[in-house]
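The values are calculated or read from the model by the stated rules, or taken from the named source; none is laboratory data. These numbers were taken from a predicted model, which means no experiment stands behind them. A quick note on method: Cβ atoms are made from the backbone with ideal geometry, for glycine too, and the neighbour counts reach across all protein chains shown.
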Amino acid sequence: MTATHPFTRKILLAFDFDWTLAEDSFERLVVLKGFDVDEWKSHHMRPLSEAGWDEILAKFEGLRRMCVSAGKSVTLADVQEAGRSTKGFPGAETMPERLRAVARTVDPSVEPRIRHRLGRLSRCVFRPPRRAGFRPALRIGLRHR
């Protein structure tokens, strides 16, 4: 009998980018614009979120309101710099090879596929630098054309 789903010796390990592999890229943008992250969260983002705003929209609107009050704006260059300068957590860059080594020890025939996941907005705008050992982001969530 043939299997409709043949066995494969591949394992996918997917990691979220922000707060798993690296600091939050949006918080990095807030700092780059010269604002305090705690003030942004407590006085601008959280009230919008608690009023029913989508989280990512509340983040942007909260930052936009802070910028307007300070006579600033957010440019594409600002957002891209936040993505480029987002710092990875210690050990994140060597984690893929360490995971592969453990997999080889347990079962040498298993092939781990290691990916990092970025939200749709991060993929399109922030474009954080490729991390060593990680393949391009998985397309999880809404598809964009």
Would you check if there is a residue in segment 90-97 being modelled with pLDDT under 85 and hydrophobic (A, V, I, L, M, F, W, C)? yes
Those residues of segment 35-86 that are surrounded by 11 or more Cβ atoms within 10 Å (Cβ to Cβ), outside any helix (DSSP H, G or I) and either touching a residue at least 40 places away in the same chain (Cβ under 8 Å) or polar (S, T, N, Q) (or both) come to a total of 2
Exactly one of Ala77, Ala3 is modelled with pLDDT under 85 and more than 30 Å from Glu97 (Cα to Cα), and that one is Ala3
